[in-house]
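Report on the following structure.
The values are calculated or read from the model by the stated rules, or taken from the named source; none is laboratory data. This is a predicted model, so every value here is computed, not measured. Cβ placement follows ideal geometry from the backbone for every residue including glycine, while neighbour counts extend to all protein chains displayed. Ligands, DNA and RNA are stripped out before the accessible areas are found, and what is left, the full protein with its side chains, is counted by its heavy atoms. Shrake-Rupley method; radii C 1.70, N 1.55, O 1.52, S 1.80 Å.
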Amino acid sequence: MPPSETAGSTPLLEVDDLRTYFHTRTGVAKAVDGVSFDLTAAETLGLVGESGCGKSVTALSIMRLVSDPPGKIEGGAIRINGRELLDLSDDEMCAVRGNDVAMIFQEPMTSLNPVITCGRQIAEAVELHQDVSRSEAHNRAVEMLRLVGIAAPEQRANEYPHQLSGGMRQRVMIAMGLSCNPQILIADEPTTALDVTVQAQIMELLQRLQEELGMAILLITHDLGVVAETTDRAAVMYAGGIVESAATEMLFANPRHPYTQGLIRSIPELDTDQTRLDIIPGTVPDLRRLPVGCRFQSRCPLVDEHCREAAPPLVETDEGHQTACWKANG
Amino acid sequence: MAEPTPLLTTVGLTKHFAVNKSRWGKEIGQVRAVDGISLAVHSGETLGIVGESGCGKTTLGRLILRLIEPTSGQISFAGTNISDMSGVKMRAIRRKIQIIFQDPYSSLNPRMTVHKIVAQGIVTHGLAKGKAVGERVAQLLEMVGLPANAARRYPHEFSGGQRQRIGIARALAVEPEFIVADEPVSALDVSVQAQIVNLLQDIQSEMGLTFMFIAHDLSVVRHISDRVAVMYLGKIVELASKEALYSDPSHPYTRALLSAVPVTNPKKRRERIILTGDIPNPADIPSGCPFHPRCAERQVQCETTVPQLTDIGDGRQVACLLRQPAASSPPAKSPQAKEEQD
């Protein structure tokens, strides 16, 4: 992927032809199949798609947290500042997590340990990744809780996750993720489990923290509204591959892939009356039995013979706008 | 606007759940899940109910079906009080009021074939016998867009969207008049969500159904509803036609809620009102107006006086002390409090 004109520097994170497959009894599910993108410093990249499109597996692959078996990174490269993560030993990878790249998850209740206080959980992460004493780590935890906007952080640090609301728990997750000053924060559906007013609080928090701390964010979500409002660039995934990627504004103003177009059209608008919603017919194909050719062929209104024979590559259709579609490329 | 007789009305409908924490089961508090809801749903319309988690919207839906018993208040269906109707009589009413659940995974019995799931209501209510049952099931499956051979299969063989179609076929099987749809598309992906929303609209116009559509997704609710009620902590804070509610929200909570929805079109973004804090614990509801701790426009009186849902004209009802019609209440002192009257 050639860097766009806005970013002259080398990318912070490069993902190149990543392939992560799951070997199940009923076949090989190609959850991530040839995904490439990059992320530059202080940028927010959105990875959008519906369930099962491979966006979370992409994130877990970057963290090298895909459980093996059944999952396996079959090929490709993941580089942070040019350093290949897939060649690192487990110990080396452990040092990368937290310090270089951290991840926050969708369900703050299940990703926090219910029997350890919030402060201790953050402090543990600090102790693991940085050479600090226990009390220094605790102070850092309190400082992080204050940073993410939790009132009375000294007291909250001694409380357990169940004593906090959903929004506060997600703040604790964010505090933990950022506690070692990572260059990259991967946020996997950080607001999906939250109500819309709390979601607005958390998204505002992430944007403020990014301005203050300057980390790059890889935001994974199924919510096109969230992507439109908070990201600089966005990549749309479908059945294990990126089908379109562009600057966010361009992507929504001028979507080129039939899937992106269908997705945007199928959301009802807040202020327009429509008699019927546009739909994408059919359902996502089984990842164990992907068709030859384009993955979207079974639901695409433009499909023809060529689409059923060869998979379209992700190529630049406009400056900084890439699309994987034979029809859009023509 | 001519007022037709409502198909369903609730008056002061209330459900308090007891909180028993002590070892001896002593009641230490109450969760006021639904707290004095009065509303009317007219025949053929879709009333949308929106609100965030814990606002009581699901409890409201279940109360209407009497799947849970109300603490107090009255429910009338087609002019008949059904709130304390018992046994056999209620069974006849249940045929007319059906529900579609949120989770298409847990609301279908995994050990029953689709035929059994859909046919159960038909048989229970004696709507068909023998061969006619199978024909009716086939007809229903076709109506919701499932293949005829689906009848012999089990729920796990279907995708989320298809399972939701099974749930819809089950609800339609007994020829209901009123359907409570409790977050019917929340568990589905956007592209499939649109398919189900369209299906619900089709069957509504074909069968002349009345819907109560409960959801937290404000844009889906706008799309499908005629009127919309916004709930907060067990109460309706605003109820209006969808056009009025979305173009000119009156209650401060409705305004904040609508402004918080992320939209894809940058030209259509509203100025965001970020609410401070979280939704209060429903077991410990703030005094006065339940929304006052988070409200940007709050006045001293809001901390003590509970606002009533009041008609402020144009069929719009608002529960806010600062939005009262000028005649009936002392004027609000705040200059930014807009008087909404016509």
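All Cα-Cα separations within chain B were binned at 20 Å from zero, giving a P(r) of 28, 55, 16, 1, each value a whole percent of the pairs.
Dipole magnitude for region B:35-136: about 680 debye, using +1 per Lys or Arg Cβ and -1 per Asp or Glu Cβ, origin at the Cα centre.
Once the mean of 1/r is taken over each pair of separate Cα atoms and inverted, chain A shows a Kirkwood hydrodynamic radius of 20.8 Å.
Distance from the C-alpha centroid of region A:91-144 to that of region A:303-327: 43 Å, rounded to the whole angstrom. Basic side chains Lys and Arg get +1 at the Cβ, acidic Asp and Glu get -1 at the Cβ, and with that the dipole of chain B about its Cα centre reaches some 1080 debye.
Roughly how crowded by other chains is peptide B:151-160, in terms of the mean Cβ count from those chains within 10 Å of each of its Cβ atoms?
That works out to 1 on average.
Mind running the shape call on region A:50-89? Use the C-alpha gyration tensor, a ≥ b ≥ c as the square roots of the eigenvalues: rounded below 1.5 for a/c, prolate if a/b tops b/c, oblate otherwise. Oblate is the answer for region A:50-89, as a/c is 1.5 or above yet b/c matches or exceeds a/b. Both numbers refer to the Cα atoms of region B:186-230; Rg and Dmax are 10.7, 28 Å. For region B:1-117, list log₁₀ I(q)/I(0) at each q in 0.14, 0.20, 0.22 Å⁻¹, using the Debye formula over Cα point scatterers of equal strength and ignoring solvent, two decimals each. Computed log10 I(q)/I(0) values: -0.74, -1.20, -1.30. By accessible area, using a 1.4 Å probe on protein heavy atoms only, chain A has 49% of its surface on carbon and sulfur. Overall form of region B:250-313: prolate. Here a/c, set by the Cα gyration tensor axes a ≥ b ≥ c, is 1.5 or more, and a/b is the larger of a/b and b/c. Could you check which residue among B:I166, B:I285, B:I179 shows the biggest mean-square fluctuation in a GNM of chain B with a 10 Å Cα cutoff? The residue that fluctuates most here is B:I285. Buried accessible surface for the B/A chain pair comes to about 3400 Å², total over both chains, computed with a 1.4 Å probe. Where only DSSP H runs of four or more residues are counted, chain B gives -8500 deg cm²/dmol as its mean residue ellipticity at 222 nm, each run worth -39500 (n - 2.57).
As a length-normalised measure over Cα pairs under 8 Å and 6 or more apart, the relative contact order of region B:149-262 settles at 18 percent. At the residue level, B:R62 shows approximately 80 square angstrom of accessible surface with a 1.4 angstrom probe and all protein chains present.
Compare A:M176, A:M250 by solvent-accessible area with a 1.4 Å probe and give them largest first, with all protein chains kept in place.
The most accessible residue leads, giving A:M250, A:M176.
Working from Cα pairs under 8 Å separated by at least six residues, relative contact order for chain A is 20 percent. Name the residue, out of A:L213, A:L112, A:L39, whose mean-square fluctuation peaks in a Gaussian network model built on chain A with Cα pairs under 10 Å. Comparing A:L213, A:L112, A:L39 in the GNM, the peak value goes to A:L213. Taking square-rooted eigenvalues a ≥ b ≥ c of the alpha carbon gyration tensor, is the protein assembly as shown rounded, prolate or oblate, where a/c under 1.5 means rounded and, failing that, a/b exceeding b/c means prolate? Since a/c reaches 1.5 but b/c is at least a/b, the shape of the protein assembly as shown is classed as oblate.
For region A:145-295, the fraction of alpha-carbon pairs lying more than 26 Å apart is 40 percent, rounded to a whole number. Accessible surface area normalised per residue over the protein assembly as shown is 43 Å², counting heavy atoms of protein chains with a 1.4 Å rolling probe.
Residues of region B:246-268 that lose at least 40 Å² of accessible area (1.4 Å probe, protein heavy atoms only) when the other protein chains are present, relative to their chain alone, are B:A260, B:P262, B:T264, B:K268. Note on region A:44-63 and region B:91-161: Cα centroid distance 36 Å, given to the nearest whole angstrom.
Figure note: B:D202, A:D271 ranked by solvent-accessible area, largest first, 1.4 Å probe, ligands and nucleic acids not counted: A:D271, B:D202.
Can you sort B:S191, B:S247 by 1.4 Å-probe accessible area, starting with the largest?
Of B:S191, B:S247, the descending order of accessible area is B:S247, B:S191.
Using +1 on the beta carbon of Lys and Arg, -1 on that of Asp and Glu, and nothing else charged, what's the dipole of chain A about the Cα centre, debye to 20?
900 debye
Computed from Cα atoms alone, the Kirkwood hydrodynamic radius reported for region A:1-127 is 16.3 Å.
With a sphere of radius 13 Å drawn around the Cβ of A:V243, what net charge do the other residues whose Cβ falls strictly inside it have (Lys, Arg +1; Asp, Glu -1)?
In short, +2.
Would you give the gap between the C-alpha center of region A:211-241 and the C-alpha center of region A:244-270, rounded to a whole Å? Result: 13 Å between the Cα centres.
Bridging of A:K30 to lysines at a Cα separation below 27 Å is possible for A:K55, A:K72, A:K327, once same-chain residues fewer than 8 apart are set aside. The relative contact order of chain B comes to 18 percent, based on Cα pairs under 8 Å that sit 6 or more residues apart.
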